[in-house]
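To keep things clear, I will list the structure first and then write my remarks on it.
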Amino acid sequence: MSAPLTGIGVSPGTVAGPVARMSPPPQLPPQTAIVEDSARELDTAKNALEAVGSDLDARAAAAGGEAADVLFAQAMMARDPGLVEKITERVAKGETAPHAVSGAFEEYRAVLANAGAYMAERVADLYDIRTRAVAKLLGLPMPGIPTPGHPFVLVAPNLAPADTATIDATQVLGIVTERGGPTSHTAILAKSLGLPAVVACPDAASLAEGEQVLLDGSAGTVTVSPSPEAVAEATGREERRKAALAASSGPGRTSDGRGVQLLLNIGGEGDLERAVAADAEGVGLFRTEFLFLDRTSAPTVDEQVAVYTRVFSAFRGRKVVVRTLDAGADKPLGFVTQPDEPNPALGIRGLRTSRRFPELLEDQLTAIARAAASGGTEVWVMAPMVSTPGEASAFAQMARIAGLPKAGVMVEVPAAALRASAVVAACEFLSLGTNDLAQYTFAADRMEGELADLLDPWQPALLDLVGMAASAGGAAGKPVGVCGEAASDPLLALVLVGLGVTSLSMAPVSVPDVRASLASHTFDECRMFASLARATADGRSARLAVKEAAGSS
Ligand code: PEP
Ligand code: MG
């Protein structure tokens with residue numbers, strides 16, 4: 001057993017299992033060969049499509065439910081006679097099977113994309129079938145999330161939001177990525193699924209298919225070919241950790257009784273079951289983009305009402321903070337985002353989208369208000385990417401008109417933190433989106449794993465901005481929460497509370513660790529940790545200083 005590979009642990013827990021790697025989409029080689037036997041080439045192409053169809057049938061049978069319908073529909077697309085016709089024409093002109101298949105799918109894609117909303121939504125499915133068929137023809141591994149037929153540790157260069165939708169949490173034991181940082185989509189997804197995960201682990205590139213690994217999502221390590229004793233020791237440790245955490249329950253508070261609301265981040269109805277079961281006071285960040293993604297037009301007010309009503313009734317008696325649509329940059333939306341925007345992270349995103357499409361926000365607020373009217377849930381709304389007091393006030397006004405008096409804004413842009421007193425005066429509460437706040441404070445793309453040190457939420461400059469927002473909220477007697485990934489780090493949670501933050505919102509899997517951490521320190525200790533962290537020069541030293549102090553306090 002050699003020294004473990006190291007990365008950043010972003011989702012707690014320990015698992016052991018075989019590696020299955022995610023393969024990139026296949027690249028077509030240049031068409032150099034001349035096809036001599038076009039009948040044989042056509043058969044090769046048809047066989048590949050049939051194999052993809054059977055594969056999809058088998059996955060559909062195993063999946064059941066709604067997923068099965070989608071997979072069966074995909075299998076039918078792979079066998080579409082129109083497609084075979086186009087392939088036949090291309091092969092007759094001398095194209096090889098991979099080129100003919102790829103070209104025929106491309107023609108089909110263009111037709112579908114122009115054939116109205118419903119058909120255009122099928123384009124992504126078509127792309128998936130194309131890449132599978134081409135991979136088969138080139139003898140390359142299947143692209144996307146692997147399906148080896150047994151539970152596995154997923155190893156990938158990085159995960160994009162589109163990959164994450166297809167992860168089956170009953171098969172994926174844990175996730176290791178070469179790139180990505182603590183605020184990457186991989187981190188957010190792994191936590192929402194409750195899967196242990198390590199990101200920014202460049203040596204994961206050397207992990208071979210089928211190799212046994214032991215993954216520790218708290219320590220951020222991956223041990224290759226662990227001994228049975230090491231696996232048994234880690235499993236025992238994990239069970240003891242879970243038992244210790246299960247012993248603490250109820251509302252979050254420091255050991256001297258200062259209350260800190262523990263809330264949940266949810267990003268879709270798929271997260272609901274796990275979230276409802278969590279011991280937390282409600283939802284601090286309900287990301288609503290899932291309702292708008294993969295569509296060619298906005299969902300209707302009625303469609304939205306139905307989804308919000310399901311979420312609110314699941315949290316009856318608790319609080320739900322709904323974040324209005326955050327389109328753009330890392331969350332592009334086909335029908336909203338400009339494809340040629342030169343600098344999307346600094347462009348028309350978040351609340352700014354409503355400058356161009358005011359009806360999107362009006363409809364969303366109307367739908368939230370209608371769903372909230374069924375009663376029993378404390379519904380708050382907040383806008384993403386707010387920069388000025390004027391924007392905060394305009395949003396709060398719109399929300400009030402819609403019938404939603406508890407309106408706040410996210411602090412994700414340094415300008416909003418610097419002017420937090422005026423911003424909080426214009427609305428009811430603040431919620432710090434530390435993922436974006438780190439990105440904009442350090443001018444470091446949050447998708448860029450190589451800049452993980454700058455994006456580290458322990459960076460003292462970021463903590464200064466959090467402190468400004470929290471003090472402004474405190475002075476105004478209004479709540480200031482953190483809903484970025486920073487809130488789920490049990491040690492950093494102490495610092496955030498010391499800075500004056502009143503609630504912490506995170507994935508359900510992180511709540512027990514954060515609750516236990518708060519319960520073992522007084523508020524004065526938290527304030528001392530905050531001062532210590534802010535007195536350092538970088539994220540690494542801040543973490544070390546607080547770790548040492550918290551260990552000895
Ligand atoms: C954030 O930026 O911290 C945040 C919570 O929003 P998102 O990650 O959805 O951009
Ligand atoms: Mg954000």
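The values are calculated or read from the model by the stated rules, or taken from the named source; none is laboratory data. Here the structure is a predicted model, which is why all the values come from computation and not from measurement. Because the Cβ atoms are built from the backbone with ideal geometry, glycine has one as well, and the counts that use them run over all protein chains shown. Quick note on the areas: whole protein, heavy atoms, side chains included, nothing else; ligands and nucleic acids left out. Shrake-Rupley method; radii C 1.70, N 1.55, O 1.52, S 1.80 Å.
Residue by residue, here is whether (1) at pLDDT below 80; (2) open to solvent by 60 Å² or more (accessible area, probe 1.4 Å); (3) closer than 24 Å to THR14 by Cβ holds:
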| position | (1), (2), (3) |
| --- | --- |
| TYR118 | yes, yes, no |
| VAL123 | yes, no, no |
| ALA133 | no, no, no |
| ILE145 | no, no, yes |
| VAL155 | no, no, yes |
| ASN158 | no, no, yes |
| ALA165 | yes, yes, no |
| ASP168 | no, yes, yes |
| ARG179 | no, yes, yes |
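Can you work out which of the residues in region 410-423 that are farther than 14 Å from ALA476 by Cβ and within 16 Å of ligand 1 (Cβ to nearest atom) is surrounded by the fewest Cβ atoms within 10 Å (Cβ to Cβ)?
Selected residue: ALA415.
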TODO: Among what's in region 368-387 and is within 16 Å of ligand 1 (Cβ to nearest atom) and without any contact (Cβ under 8 Å) to a residue 40 or more places away in the chain, pick the residue that is nearest to ARG419 (Cα to Cα).
DONE: SER387
- [ ] Please go through region 275-293 and pick out each residue that is open to solvent by 10 Å² or more (accessible area, probe 1.4 Å) and farther than 17 Å from ARG515 by Cβ.
- [x] VAL276, ARG287, GLU289, PHE290, LEU291, LEU293
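Would you confirm, using the coordinates I've provided, whether ARG241 is out of contact with any Leu (no Cβ under 8 Å at 6 or more places or on another chain), within 21 Å of ALA487 (Cα to Cα) and surrounded by 17 or more Cβ atoms within 10 Å (Cβ to Cβ)?
Details: out of contact with any Leu (no Cβ under 8 Å at 6 or more places or on another chain): yes; within 21 Å of ALA487 (Cα to Cα): yes; surrounded by 17 or more Cβ atoms within 10 Å (Cβ to Cβ): yes.
Yes.
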- [ ] Please find, within region 55-70, the residue that is farthest from ALA133 (Cα to Cα) out of those that are open to solvent by less than 20 Å² (accessible area, probe 1.4 Å) and at pLDDT below 80.
- [x] ALA68
TODO: Tell me which residues, restricted to region 493-534, are open to solvent by 20 Å² or more (accessible area, probe 1.4 Å) and aromatic (Phe, Trp, Tyr).
DONE: PHE523
Open item on the list: With the requirement that a residue be assigned to a loop (DSSP other than H, G, I, E, B) and farther than 19 Å from ALA58 by Cβ, what does region 124-149 give you?
Closed with: GLY139, LEU140
Open item on the list: Can you tell me how many residues within region 369-409 are open to solvent by 10 Å² or more (accessible area, probe 1.4 Å) and either in a helix (DSSP H, G or I) or within 16 Å of ligand 2 (Cβ to nearest atom) (or both)?
Closed with: 14
- [ ] Kindly indicate the residue of region 434-492 that is among the acidic types (Asp, Glu) and part of a helix (DSSP H, G or I) and also most open to solvent (accessible area, probe 1.4 Å) among those meeting that condition.
- [x] GLU450
- [ ] Mind counting the residues in region 302-323 that are buried (at least 17 other Cβ atoms within 10 Å of the Cβ) and not in a loop (DSSP other than H, G, I, E, B)?
- [x] 13
Open item on the list: If I ask for residues that are more than 35 Å from the chain's Cα centre (by Cα) and not in a helix (DSSP H, G or I), which ones from region 79-102 would you list?
Closed with: LYS93, GLY94, GLU95, THR96
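Determine if region 346-354 includes at least one residue that is basic (Lys, Arg), within 22 Å of LEU437 (Cβ to Cβ) and at pLDDT 95 or above. Write out each step before concluding.
Filtering region 346-354 down to residues basic (Lys, Arg) leaves 349, 352.
Of the ones still in play, those that are also within 22 Å of LEU437 (Cβ to Cβ) are 349, 352.
Filter once more, so that each one left must be at pLDDT 95 or above: 352.
Yes, because at least one residue in region 346-354 is basic (Lys, Arg), within 22 Å of LEU437 (Cβ to Cβ) and at pLDDT 95 or above.
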TODO: State yes or no: is ASP326 part of a loop (DSSP other than H, G, I, E, B), within 16 Å of ligand 1 (Cβ to nearest atom) and not polar (S, T, N, Q)?
DONE: yes
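Would region 535-544 turn up any residue that is under 23 Å from ASN265 (Cα atoms), assigned to a helix (DSSP H, G or I) and open to solvent by 20 Å² or more (accessible area, probe 1.4 Å)?
Within region 535-544, the first condition is being under 23 Å from ASN265 (Cα atoms), and the residues that meet it are none.
Checked region 535-544: no residue is under 23 Å from ASN265 (Cα atoms), assigned to a helix (DSSP H, G or I) and open to solvent by 20 Å² or more (accessible area, probe 1.4 Å).
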Open item on the list: Going residue by residue through region 427-439, is there one that turns out to be more than 16 Å from ligand 2 (Cβ to nearest atom), without any contact (Cβ under 8 Å) to a residue 60 or more places away in the chain and among the small types (Gly, Ala, Ser)?
Closed with: no
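Determine which member of the set LEU325, LEU360 is within 16 Å of ligand 2 (Cβ to nearest atom) and aliphatic (A, V, I, L, M). Reasoning before the result, please.
Details: LEU360 fails: within 16 Å of ligand 2 (Cβ to nearest atom).
After applying the criteria, what remains is LEU325.
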TODO: Taking ALA516 as the residue in question, decide whether it is of a type in the set (Gly, Ala, Ser) and over 22 Å from ALA417 (Cβ atoms).
DONE: yes
- [ ] May I ask you to list the residues in region 24-54 that are surrounded by fewer than 18 Cβ atoms within 10 Å (Cβ to Cβ) and either in contact with a Leu (Cβ under 6 Å, 6 or more places away or on another chain) or under 22 Å from GLU209 (Cα atoms) (or both)?
- [x] PRO24, PRO25, GLN27
Task: Top-ranked residue of region 334-350 - restricted to ones that are surrounded by fewer than 23 Cβ atoms within 10 Å (Cβ to Cβ) and within 20 Å of GLU412 (Cα to Cα), ranked as nearest to ligand 1 (Cβ to nearest atom) - done: ALA345
